[in-house]
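Peer 1: Please find one structure pasted underneath; my questions will follow.
The values are calculated or read from the model by the stated rules, or taken from the named source; none is laboratory data. Note that the structure is a prediction, hence the values are computed from the model and not measured. Note that each Cβ is placed from the backbone with ideal geometry, even for glycine, and that neighbours are counted across all protein chains shown. Heavy atoms of the whole protein, side chains included, go into the accessibility calculation; ligands, DNA and RNA do not. Shrake-Rupley method; radii C 1.70, N 1.55, O 1.52, S 1.80 Å.
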Amino acid sequence: MSATSALKAKALLKAKPASKRRDATKAYCQGSAVLSIVIVSVILLTLLIQSLPVLMSGDNGLIGTQWNPDEGQFGIIAPLFGSVFVMIIATVIAFPIGLLTAIYISETRSSKLRRLIKSILELLAGIPSIVYGLIGVAYLNIWVADLFDLQSGRIILTAGILLGIMILPTFLTLTEDALSAVPQRYRENAKSLGMYRHEVFKDIIFPQAKVGIAGAGLLALGRALGETMAVMLVIGSLDRLPSPLFNPLSSGQTITSKLGREVGESAFGSVHFSALVFMSFILVSITIALTILSHYFLTRKPSDV
Amino acid sequence: MYKQSVFALSALILAACSAPEAVNVSGSSTVLPAVSLAADQFVAETGTTVVVNAGGSGSGFNQLAEGQTDIGMMSRDITDSELERFKTIDFKRIAIGRDAVVPTISSEIYEAGVKALTLAQIADIYSGRVDNWAEFGGPDRAIFAVDKEASRGTRQIFMGVVMGNPKAKTPGTDLVTGSNNEEQTALTQSDSGIGMLSFAWLNEDVKGLSIILDNGQVVEPSLENIQNGSFPFVRDLLVITRGDIKPPAQKFVDYLLGPEGQKAVEESGYIKVSE
C-alpha cells in the first residue's frame, strides 16, 4: 500500500464510526458471497435453459452413439464414455504414484526438504494446460505410437497419460497435506510402542488421513474431467465408441474436446448448439457432484480413531 | 468514494475495449496464410490494426453472421442452410485467390510407389471398404485415414468430390483433425496416412496424390493444373463480408484484391485472381 492511500485509509477511519465500518464490511462480504452463488446458479440455469431445445426435440438419439448434426442425430454416449474412460486411466496412473510419493515425502524426509519438494510440485500444478497439450502432441503421442506400434498416438491412452501427469501435482500435494496433518505425537507414540515404520503408517497414519486423501482424489478427478485443450490435441476427436469397448488404443472423444471442436461452428440457438450445451450441463453436474463429495471428505473429521 | 473509483475503473475498462479501427478477420485456416501475410503489410502501411484468427470456414461464417468479426474467411461457398439461418443479412462473397484441395499421403507410401489413385479408390478408403495399402500396390500396411471436422471447408470440398456429398459419413476414418496444420502434423507423424490438405501445405513429408480420371488420364496436383481447372478439387478462396461493413474493413478487402494483396496470395502458395 502506498503512503497516500494509507493516509486516505486513516482519514476514512476517523471519519466513520467503527460500527458503521463494520456494517459496511459485513455487507460487502455478504454481497460477495451472494454474488458468487448467483453466478453459479445463473450458469447452471443458463445451461439448463439452453439444453431445452434438444431435450424437447424428440427423436434425436440423444442417448445414443450417433453424432451427426446434419441429420439431427445428437448421441452423447461416445463423448460421455470417452470422458469417463480418460478419467479412469488418469486416475489409475496418477493415484498410486501420487500416494507413494506423498508417503515418501511426508514420512521419510525432513520438513525442510519436504517444503522444497512440495513447492516444486506446486509449480507443476500451475503450468497452463496448453503447454501439456503441446508436449503431448510433440512427444508423448509419438512415444505411445512407437511403443504400441500404432499409426497414430492420438488415442484415449495418450490423453489418459497426459491427464494423469496433469492431475498428479494436485493430488500429490493435497495427499501430502492430509498425511502431514496427522500429529507428530501419534507417530512417536506408535513407535514407542515398538511398531515398525510400515505398521505406524498402515495402522495409525493412513486411517487418520484417508478421508483427506479421498477428498484430494475427487478434486483431482474434477480437474481431469474438465480439462479441454490438452485432451483435445491428443485424443483424436473421433465420435465413436472404441471397439472393443475398453480398448484404450483407439481414438476417441471427450465431452470437453467435443465442445472445444464444435462450439465455434454451431449456430447459437440451434439444436446442434443446444446438444453441446446439454453435454456441458452433464459435465458440470458430474464435476459439481465430485466437488461436493470432496468437500465433504476434506472437511470431515476423522472419527473412528 | 468507492462509487467514484468503481465508475472510474469501469470507464477505463470500457475505453480499453473499444479500441478504434481494429479490423477482425476470422475463419478458414486455408485462407489464413494469405490474409495474414497481407494483413502484416496492411498494418505496416496504414497503421490500422488487423487481427486474423483461424477457426475454420463454418466458424468464420458464424462469427461474421453474429457480428463477432468484420470479415469471414471461407475455403468453400456459403451453404443454403447457412443462408437460410441468417436471411436478413446481406452477405457478399469475394474471391481473393484459387486453391486446390489435394488428397495427401505420407511420404513413405508415396515413395513406396503409390502416386496416383482414382476418386473411387479414395472413396473406398474413407467408406471403410479398403484398409490396406497393398490393394493399391503399396506396402502391406493398414491405411490410416485422416478426416477433418465436418464444418471445415477443405473437408466439404474433398468429400463433395470423392463421396458425392460434402457432409458424407466416413466409417473408414481413423482420426479427425481440425486445421490444415493439425492434419499436416498427423500425416507427417504417420507412415501410412491419407488425408486432405490445401495445396499450399504440401511438403516433402506429405505428398500430393495425382488423380486418375475416368478416361485414364492422370492429373498431377500442379500449379498449372489448378490454374486451368483440370485438377478435380479446385476451389475459390473467399472472404465474406456483410452489407454493413465498416470502412476500415472494406479498405482491407480492397487491399486484398489489389496488387500487394494478390502478391501475398501468390507468396502463400495460391493462385491469384487478378493481375
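Peer 1: Those residues that are surrounded by 15 or more Cβ atoms within 10 Å (Cβ to Cβ), within 14 Å of another protein chain (Cβ to nearest Cβ) and not in a loop (DSSP other than H, G, I, E, B), I need them from segment A:71-87; list them, please.
Peer 2: Within segment A:71-87, A:Gln73, A:Phe74, A:Ala78, A:Pro79, A:Gly82 qualify.
Peer 1: Let me ask something else. Looking at (1) within 14 Å of chain B (Cβ to nearest Cβ); (2) free of Cβ contacts under 8 Å to residues at least 60 places away in the same chain, which is the one condition that is false for A:Ser36?
Peer 2: Among (1) within 14 Å of chain B (Cβ to nearest Cβ); (2) free of Cβ contacts under 8 Å to residues at least 60 places away in the same chain, the lone unmet condition for A:Ser36 is (1).
Peer 1: Can I ask one more? For A:Ile156, are the conditions met, namely being within 13 Å of chain B (Cβ to nearest Cβ), in contact with a strand residue (DSSP E or B) (Cβ under 9 Å, 6 or more places away or on another chain) and surrounded by 13 or more Cβ atoms within 10 Å (Cβ to Cβ)? Walk me through it before giving the result.
Peer 2: On the way: within 13 Å of chain B (Cβ to nearest Cβ): yes; in contact with a strand residue (DSSP E or B) (Cβ under 9 Å, 6 or more places away or on another chain): yes; surrounded by 13 or more Cβ atoms within 10 Å (Cβ to Cβ): yes.
Against the criterion (within 13 Å of chain B (Cβ to nearest Cβ), in contact with a strand residue (DSSP E or B) (Cβ under 9 Å, 6 or more places away or on another chain) and surrounded by 13 or more Cβ atoms within 10 Å (Cβ to Cβ)), A:Ile156 qualifies.
The rows are residues; the columns are (1) surrounded by fewer than 22 Cβ atoms within 10 Å (Cβ to Cβ); (2) within 14 Å of another protein chain (Cβ to nearest Cβ); (3) aliphatic (A, V, I, L, M).
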{"position": "A:Pro183", "(1), (2), (3)": "yes, no, no"}
{"position": "A:Tyr186", "(1), (2), (3)": "yes, no, no"}
{"position": "A:Leu193", "(1), (2), (3)": "yes, no, yes"}
{"position": "A:Gly217", "(1), (2), (3)": "no, no, no"}
{"position": "A:Met229", "(1), (2), (3)": "yes, yes, yes"}
{"position": "A:Ser243", "(1), (2), (3)": "yes, yes, no"}
{"position": "A:Gly252", "(1), (2), (3)": "no, yes, no"}
{"position": "A:Phe268", "(1), (2), (3)": "yes, yes, no"}
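Peer 1: Another one. Have a look at B:Leu197, B:Leu117 and point out the one that is over 27 Å from B:Gly261 (Cβ atoms) and among the aliphatic types (A, V, I, L, M).
Peer 2: B:Leu117
Peer 1: Can you report the number of residues in segment A:90-111 which are under 25 Å from A:Ser250 (Cα atoms) and surrounded by 21 or more Cβ atoms within 10 Å (Cβ to Cβ)?
Peer 2: So the answer is 3.
Peer 1: What about B:Thr173, is it within 12 Å of chain A (Cβ to nearest Cβ), under 25 Å from B:Arg141 (Cα atoms) and open to solvent by 10 Å² or more (accessible area, probe 1.4 Å)?
Peer 2: It is false that B:Thr173 is within 12 Å of chain A (Cβ to nearest Cβ), under 25 Å from B:Arg141 (Cα atoms) and open to solvent by 10 Å² or more (accessible area, probe 1.4 Å).
Peer 1: From the set of residues in segment B:97-155 that are hydroxyl-bearing (Ser, Thr, Tyr) and assigned to a strand (DSSP E or B), which is farthest from the other protein chains (Cβ to nearest Cβ)?
Peer 2: B:Thr118
Peer 1: Could you look through segment B:72-98, keep only residues that are in contact with a helix residue (DSSP H, G or I) (Cβ under 7 Å, 6 or more places away or on another chain) and open to solvent by 30 Å² or more (accessible area, probe 1.4 Å), and pick out the one that is nearest to A:Ala267 (Cα to Cα)?
Peer 2: By that ranking, first place goes to B:Phe86.
Peer 1: Taking segment A:162-179 only, how many residues are open to solvent by 40 Å² or more (accessible area, probe 1.4 Å) and over 14 Å from the mean Cα position of the chain (by Cα)?
Peer 2: Qualifying residue count, segment A:162-179: 1.
The rows are residues; the columns are (1) in contact with a strand residue (DSSP E or B) (Cβ under 8 Å, 6 or more places away or on another chain); (2) under 24 Å from B:Glu267 (Cβ atoms); (3) in the same structural domain as B:Ser127 (by TED's automatic domain parsing).
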| site | (1), (2), (3) |
| --- | --- |
| B:Asp147 | yes, no, yes |
| B:Arg152 | no, yes, yes |
| B:Met163 | no, no, yes |
| B:Thr177 | yes, no, yes |
| B:Asn180 | yes, yes, yes |
| B:Gly193 | yes, no, yes |
| B:Met196 | yes, yes, yes |
| B:Phe199 | yes, yes, yes |
| B:Leu213 | yes, no, yes |
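Peer 1: I would also like to ask the following. Out of all the residues in segment B:178-196, is one or more buried (at least 19 other Cβ atoms within 10 Å of the Cβ), charged (D, E, K, R) and part of a helix (DSSP H, G or I)?
Peer 2: Looking through segment B:178-196, at least one residue is buried (at least 19 other Cβ atoms within 10 Å of the Cβ), charged (D, E, K, R) and part of a helix (DSSP H, G or I).
Peer 1: In segment B:25-55, what residues are of a type in the set (S, T, N, Q), within 14 Å of another protein chain (Cβ to nearest Cβ) and open to solvent by 50 Å² or more (accessible area, probe 1.4 Å)? Write out each step before concluding.
Peer 2: Narrowing segment B:25-55 to residues of a type in the set (S, T, N, Q): B:26, B:28-30, B:36, B:41, B:46, B:48-49, B:53.
Restricting the remaining residues to those that are within 14 Å of another protein chain (Cβ to nearest Cβ) gives B:26, B:28-29, B:53.
B:Asn53, the sole residue that qualifies.
Peer 1: Continuing with the same structure: With (1) more than 15 Å from B:Ala249 (Cα to Cα); (2) within 15 Å of the chain's Cα centre (by Cα); (3) at pLDDT 90 or above as the list, and B:Ala44 as the residue in question, which single condition is left unmet?
Peer 2: Failing condition for B:Ala44: (2).
Peer 1: I would also like to ask the following. For the subset of segment A:19-52 comprising residues that are under 30 Å from A:Ile77 (Cα atoms) and among the polar types (S, T, N, Q), which member is nearest to the chain's Cα centre (by Cα)?
Peer 2: This residue is A:Ser41.
Peer 1: Could you tell me which residue of segment B:218-234 is farthest from the other protein chains (Cβ to nearest Cβ), considering only residues that are assigned to a loop (DSSP other than H, G, I, E, B) and open to solvent by 10 Å² or more (accessible area, probe 1.4 Å)?
Peer 2: From segment B:218-234, those assigned to a loop (DSSP other than H, G, I, E, B) are B:220-222, B:228-233; that's our starting set.
From the residues that got through so far, the ones that are open to solvent by 10 Å² or more (accessible area, probe 1.4 Å) too are B:220-222, B:228-230, B:232.
Values: B:Glu220: 27, B:Pro221: 24, B:Ser222: 29, B:Asn228: 33, B:Gly229: 29, B:Ser230: 31, B:Pro232: 23 Å.
Filtering first and then ranking leaves B:Asn228.
Peer 1: For segment A:241-250, indicate whether the set of residues that are at pLDDT 90 or above and either under 30 Å from A:Pro53 (Cβ atoms) or β-branched (Val, Ile, Thr) (or both) is non-empty.
Peer 2: no
Peer 1: Further question on the same structure: Condition check: surrounded by 21 or more Cβ atoms within 10 Å (Cβ to Cβ) and either assigned by TED's automatic domain parsing to the domain that holds B:Gly178 or part of a helix (DSSP H, G or I) (or both). Does B:Gly58 satisfy that?
Peer 2: yes
Peer 1: When residues of segment B:99-114 are filtered for being open to solvent by 80 Å² or more (accessible area, probe 1.4 Å) and touching a helix residue (DSSP H, G or I) at 6+ places or on another chain (Cβ under 9 Å), how many remain?
Peer 2: Counting residues in segment B:99-114 that are open to solvent by 80 Å² or more (accessible area, probe 1.4 Å) and touching a helix residue (DSSP H, G or I) at 6+ places or on another chain (Cβ under 9 Å) gives 0.
Peer 1: What are the residues in segment A:89-134 that are within 14 Å of another protein chain (Cβ to nearest Cβ) and under 13 Å from A:Ile161 (Cβ atoms), if any?
Peer 2: A:Gly133
Peer 1: A further question on this structure: Return the total of residues in segment B:176-217 being within 12 Å of another protein chain (Cβ to nearest Cβ) and more than 22 Å from B:Ala54 (Cα to Cα).
Peer 2: 6
Peer 1: Here is a further query. If I go through segment A:245-259 residue by residue, how many of them are part of a helix (DSSP H, G or I) and among the polar types (S, T, N, Q)?
Peer 2: Summing the residues that are part of a helix (DSSP H, G or I) and among the polar types (S, T, N, Q) in segment A:245-259 gives 2.
Peer 1: Search segment A:231-241 for residues being assigned to a helix (DSSP H, G or I) and among the β-branched types (Val, Ile, Thr), and hand back the single one that is surrounded by the most Cβ atoms within 10 Å (Cβ to Cβ). Give the derivation first.
Peer 2: Narrowing segment A:231-241 to residues assigned to a helix (DSSP H, G or I): A:231-234.
Cutting the leftovers down to among the β-branched types (Val, Ile, Thr) gives us A:231, A:234.
Values: A:Val231: 34, A:Val234: 30.
Step by step, filter segment A:231-241, then rank; the result is A:Val231.
Peer 1: For the list (1) surrounded by fewer than 19 Cβ atoms within 10 Å (Cβ to Cβ); (2) in a strand (DSSP E or B), I need the number of the one condition that B:Leu237 fails.
Peer 2: (1)
Peer 1: Against the conditions (1) more than 24 Å from the chain's Cα centre (by Cα); (2) within 14 Å of chain B (Cβ to nearest Cβ); (3) modelled with pLDDT of 85 or more; (4) not in a loop (DSSP other than H, G, I, E, B), where does A:Leu55 fall short? Just the number, please.
Peer 2: Result: A:Leu55 fails condition (2) only.
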